[in-house]
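Please read the structure below before turning to the comments.
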Amino acid sequence: MPTQNAQEEVTVSVFAQRFSATRRGARLARRLATHRLDLWDLPYGSPASDTVTLVVAELAANAVLHGRVPGRDFELRLTYDRPAGLVRVEVSDTHPGRPELPEPTVGPSADTDGGRGLLLVEAVADRWGVDGRRGPGKTVWAECVLPTPSG
């Protein structure tokens, strides 16, 4: 009698998609990320979903506003490691410039509209950074440790 191979449970899920480097592309990245999180049992409106969605929104907006190269897209990659309770958000663009946090004393003033994206990411993500990528550009990433169901 042939033996059956037991299949291992999938514990890491990945979503990757390219988007046009436009405001519409950034909005679509945020909406699809929220939908994917819901499919991964991180329901819409939950603290985990809201946190990851905020990170996606800020990194995608930065890719569109500061990392845009005409004719080039940006890529969003979400990785959910269930056992570790960790979602990693990666946004890659082809612009060579690396983002930096504004100095606390020279940060955006209260009456300006922009300049807070990475400050928000730093506040809600557990870690974030910038890596090189194959080809031109960089990948800005952030990791969010999710609260366990027991608290």
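The values are calculated or read from the model by the stated rules, or taken from the named source; none is laboratory data. Keep in mind that what you see is a predicted model, and the values were worked out from it rather than measured. Here Cβ is always computed from backbone atoms with ideal geometry, including for glycine, and neighbour counts include all displayed protein chains. Remember, those area values only see protein heavy atoms, side chains included, never the ligands or the DNA or RNA. Shrake-Rupley method; radii C 1.70, N 1.55, O 1.52, S 1.80 Å.
Heavy-atom accessible area with a 1.4 Å probe sorts Arg134, Arg36, largest first, into Arg134, Arg36. R0 = 35 Å: FRET efficiency of His66 with Val145, Cβ-based, nearest 0.05? For R0 = 35 Å, the calculated efficiency reads 0.85. Applying 1/(1 + (r/R0)^6) with R0 = 41 Å to the Cβ-Cβ distance of Thr22 and Ala123 gives a FRET efficiency near 0.95. When GluC sites (Glu not before Pro) are flagged only if DSSP places them in a loop and at most 13 other Cβ atoms lie within 10 Å, the longest unflagged stretch of the chain comes out as 10-99. In this structure, the amide hydrogen of Ala84, modeled 1.01 Å from its nitrogen in the peptide plane, lies closer than 5 angstrom to no residue at least 5 positions away or on a different chain.
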